[in-house]
Amino acid sequence: MTLPRQKCKTVDTMARQYVASDAHLYRMQIDKPRERLEPEEKEIEIVDDVLRTLVEAGILPRRMYDKEKVLAHREAVAEWFEIPWTAITPRLQRLIYAINAIVQPRRMIAAGIFCGNTFISNAGAAVGPGKVYDAEDLVGVEIVPSEAERAEKNMRKIDPTGEARIVVADAVDVVRHYRHPIDLLYLDADGDEERGKGIYLDILKAAKPWLHPGSVVLAHNSVNCTERLRNYLAYVRDPANMKASVNVVIDGEGLEVSVA
């Protein structure tokens, strides 16, 4: 199996952040998505610390979520999903699920979902065994038709109703023409060779008319792709554009968590 080449470069940035003391040591093999990396208790402790930081920053209203539902969600994904590789570590998967379970977005868009693993990490709080609330529209966007097809097959095993839907399109176009309030936007897309992860800013700006006070934006790769994300990170960390933003460093990838 051919694994993706790393195209991002890490640089230092000044930001409000949460940094786990072992973030530089916490690594997973991307072709082993189900491998356990640490005791569950430690994973929970670190994610709880992150959630506390996000509450203090005014991004989340609270930090409590159903930890039993996380296990049910995770077991279903492990059993039913075909995941050739992923950079979403168990810590990050729990955090993404928890944020969605807390925010409970009625409308959520995930841009760049590959095989659907990142999409279900977000949508899993509203569909399947991990469900804790009812949503209105959950959209996963993938520009590569073959990967969108695989994501569709994966998602239907957990959500046979189709409530969490897959769209084969450019995420910039999808959000620009969405014309509904977006409660949570997840960014993990890749642009052309020139932009790469820099396309996050294009997607966010296209979605801006549909964001509202309290809308949460999650951007993967805030640590290992800071060079490509330089303009995006500067934008969300500017109080003129977003109310608050925190760089969450719990693994080698990172997650920028922002609120409108």
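Tabulated data for the structure shown
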item	result
Unit Cα scatterers, Debye sum, segment 136-260: log10 I(q)/I(0) for q = 0.09, 0.17 Å⁻¹	-0.26, -0.92
DSSP bridge orientation in segment 37-259 - percent antiparallel, rounded to nearest 5	35 percent
Whole-number percent relative contact order across the chain, with pairs defined as alpha carbons under 8 Å at least 6 apart	23 percent
Long pairs among LYS42/LYS153; LYS69/LYS157; LYS205/LYS243; LYS153/LYS208; LYS157/LYS208; LYS69/LYS153, criterion Cα-Cα beyond 25 Å	LYS42/LYS153; LYS153/LYS208; LYS157/LYS208
Span-like helix ranges in the chain, DSSP H, alpha carbon extent 18 angstrom or more, Kyte mean at least 0.5	90-103
In nm, spacing of pseudo-spin labels at HIS24 and TRP85 (7 Å Cα→C-beta vector)	2.5 nm
Farthest toward positive dipole pole in segment 37-259 [+1 Lys/Arg, -1 Asp/Glu at C-beta], among ALA148, HIS177, GLY124	HIS177
Sum of -39500 (n - 2.57) over DSSP H runs of 4+, divided by residues of the chain (222 nm, nearest 500)	-10000 deg cm²/dmol
Förster-model FRET efficiency, 41 Å R0, GLU45 and GLU149, C-beta, rounded to 0.05	0.60
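Bear in mind that the values in this text are calculations on the coordinates, not laboratory data. The structure presented is a predicted model; accordingly, all values stated were derived computationally and were not measured. Cβ coordinates were reconstructed from backbone atoms using ideal geometry, including for glycine residues, and neighbour counts include every protein chain displayed.
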